[in-house]
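What follows is one structure encoded as structure tokens, with my remarks underneath.
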Amino acid sequence: MIMTTTRWFALLALFIVFGSDESFAATDRYNVDPDHSIIGFSVAHMVISKTTGRFTDYTGFIEMDPDGKTVRTIEAVIKTVSVETNHQKRDTHLRSPDFFNVEKNPTMTYKMTSYEMQGDQYVANGNLTLLGVTRPIVLTGTFNGVLPKDPMGNTRAGFSAEGKINRKDFGMNWNKALDNGGLVVGNEVAIRLEIECIKQK
């Protein structure tokens, strides 16, 4: 039987609103466990070495179907004042207007916009907002699996991911020149994530 024009448009509208079959898959919310996660970074220092650091205060969640290994949403909010590099004077400088300007910009945020699978890896496109500026960022990572029940009765999931940004793209421009022509702080910042999440009950 030939589909009527009205019915065809109705089905087309449903497809546009709800997307592909993946949109119908059951998803669960997993909240990031900051006690067992790392949001870390590294940046060149005086050309010859790298300074590493991390953020210790953040929230985030992932909506996903772990059986189908599909992800619907990833979002995170990071408090910039929690930056740590194991050096008090440097951390104070990082919190100043020269870098994170934590009084004016107390948080930075991330939100995934899309992803694709490349073999066993997830390549996630998202938006990072830092210093009031939003720029795209690509994170490449792996889904490390699900622990159905931990000693406290929680269901846990784990992820690892890496990416990079140019801090100048966000207006973080402070630097000093070295006598040899190099710079005190590199512009490219490498990001490393080790994320453990707890399924929301």
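The values are calculated or read from the model by the stated rules, or taken from the named source; none is laboratory data. Please read these numbers as outputs of a predicted model, since none were measured by experiment. Cβ atoms come from the backbone with ideal geometry, glycine included; neighbour counts cover every protein chain shown. SASA here: full protein model, heavy atoms, side chains in, ligands and nucleic acids out. Shrake-Rupley method; radii C 1.70, N 1.55, O 1.52, S 1.80 Å.
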### Message
Checking Ile74 against (1) in contact (Cβ under 8 Å) with a residue 24 or more places away in the chain; (2) outside any strand (DSSP E or B): exactly one of these is not met. Which one?
### Response
(2)
### Single residue of the stretch 179-201 satisfying the filter (in contact (Cβ under 8 Å) with a residue 60 or more places away in the chain, more than 17 Å from Thr51 (Cα to Cα) and of a type outside the set (S, T, N, Q)) that is surrounded by the fewest Cβ atoms within 10 Å (Cβ to Cβ)
Glu194
### Set Gly68, Gly60: member being open to solvent by less than 40 Å² (accessible area, probe 1.4 Å) and either in a strand (DSSP E or B) or among the small types (Gly, Ala, Ser) (or both)
Gly60
### Query
How many residues does the stretch 176-201 contain that are over 30 Å from Thr27 (Cα atoms) and of a type in the set (D, E, K, R)?
3
### Query
Of all the residues that make up the stretch 149-178, how many are in a loop (DSSP other than H, G, I, E, B), more than 26 Å from Thr73 (Cβ to Cβ) and open to solvent by less than 70 Å² (accessible area, probe 1.4 Å)?
5
### Query
Restricting attention to the stretch 100-146, which residues are loosely packed, with under 14 Cβ neighbours inside 10 Å, over 19 Å from the mean Cα position of the chain (by Cα) and at pLDDT 95 or above?
Glu103, Lys104
